[in-house]
Amino acid sequence: MKRVSIFCFVAVMYLPVFAQISDSARFFYAKGAEEQQSRRFAVAHKYFQQSVDSDSTNVESWKALANTALELRQYKKAKSAFEKIYELDKNDTAAIRQLAQLNFNFRQWHKAIEFGLLMQQKGIQQKGTNYIIGKSFYEDENYGKAFQYLEEAAKDDPANAQIPYIIAVSYVDMSNYRKAIPYFHKALAADSTNARWYYEMAMTYSAIPDDKTAVVYYEKAAEKGYKTDNDYLENLSLSCILSGQPERGLQLMMNLLEKKPADLNLLYNIAETYYKIKDYPKAIGYFDSILQQDASNARAMYMLGMAYQKKGDVSKGMKICDKAIELDPSLADLKRKKVNVGL
């Protein structure tokens, strides 16, 4: 569940400084500045490259090279140039700012954190710095630090729906589903068009579990355009069954079974749903279908035996359960506790 917000790069105009530049470097720099002034950035960039090739220690030539690389959207080259500027001048604020931004967009999370924090230490003001740091900490799976900076980012930019969304999925990653829900709501309040977020919130409600509410958000996801693929339909069907709509859930599963007739997990869910609603003959049919394809499926065998017992054929059912326990001794606990598996 992870997304990267795209920031716009702003070219930084530097004034030329000719002191202590070699003759050839000065010549190429002047030619580049001329072309840059006329907004012929590709030509200017070539001249500035020649300037730094002639004198690799001149910061101003590197600044001009970096600036034209940004104008040309050659961000990898821009990043290299700004790294050189920072190497030559550790206090260059434009280089620090751009390196935070560029490392972030290149998903170099540790470097993005390093330069983002450096911006704050040096008092370099720019909207989005807390977001860069917080998002980078999230990607680095340091959720505690991520929360610290993302909460500040939310104050900087309350309309940024990505911020509460990232906090929400951080809680999901930590299996703290109840904590995630309010942040999903905040994210959707800021961006009510994001179909995927509705789907993720539905799955989070299902994990709480609150399948009744999960169904509502699965349906909203589809309304917003989320693709109703097999996974979607299977998740929706399970939430329908668990929220007290077994008939609807079974119908969805039957539709899926036409598309995936050999899906043992789907067959098991259908069999177990019939068992749950006390339609034991149909449950027996589907558990038996599983065993025809996988004779060693002890769990399905145990439930087949339970279905026979519930149907009234206790002796046959107990024999089948005992055979299942021989295959998987852990099922003996279910027999002792008389607890059904699954739903």
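Can you sort Met303, Met119, Met203, Met174 so the residue with the fewest Cβ neighbours within 10 Å comes first?
On the way: Met303 28, Met119 21, Met203 18, Met174 12.
Ascending number of Cβ neighbours within 10 Å: Met174, Met203, Met119, Met303.
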- Message: I need the calculated FRET efficiency for the pair Glu223 and Asp279, taking r as the beta carbon distance and R₀ as 30 Å, to the nearest 0.05.
- Response: 0.40
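About its Cα centre, what dipole magnitude does the chain give when the only charges are +1 on Lys and Arg Cβ and -1 on Asp and Glu Cβ, stated in debye to the nearest 20?
Working: 46 positive and 41 negative charges, 103 e Å.
About 500 debye.
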- Query: Here are some pairs, Lys76/Lys127; Lys63/Lys111; Lys77/Lys186; Lys179/Lys260; Lys224/Lys282; which of them have Cα atoms lying more than 27 Å apart in this structure?
  - Reply: Lys77/Lys186; Lys179/Lys260; Lys224/Lys282
- Message: I'd like the trypsin sites (Lys or Arg not before Pro) in the stretch 270-327 restricted to DSSP loop residues with at most 14 other Cβ atoms within 10 Å, sorted by number.
- Response: Lys278
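Neighbour counts of other C-beta atoms within 10 Å: give me Thr93, Thr228, Thr204 arranged from fewest to most. Mind dumping the intermediate values first?
Numbers: Thr93 16, Thr228 12, Thr204 24.
Result, fewest neighbours first: Thr228, Thr93, Thr204.
Once you have the Cα-Cα distance between Leu264 and Ser289, take 0.36 nm times their residue separation minus that, and quote the gain in nm to one decimal.
Working: separation 25, 0.36 × 25 = 9.00 nm, distance 0.90 nm.
That pair, Leu264 and Ser289, stretches by 8.1 nm at full extension.
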- Counting each DSSP H run of 4 or more residues in the chain as -39500 (n - 2.57), what helix-only mean residue ellipticity at 222 nm follows after dividing by all residues, to the nearest 500 deg cm²/dmol? -23000 deg cm²/dmol
- Quick calc of log₁₀ I(q)/I(0), the stretch 212-252, Debye, one scatterer on every Cα, no solvent, q values 0.25, 0.26, 0.28 1/Å, result -0.78, -0.84, -0.94
- Given charges at beta-carbon only (K, R positive; D, E negative), |dipole| of the stretch 232-321 in Debye: 260
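FYI, it's all coordinate maths here, none of it is from the lab. Keep in mind that this is a model prediction, so the values were computed, not measured. Please note: Cβ atoms are built from the backbone with ideal geometry, for glycine as well, and neighbour counts cover all protein chains shown.
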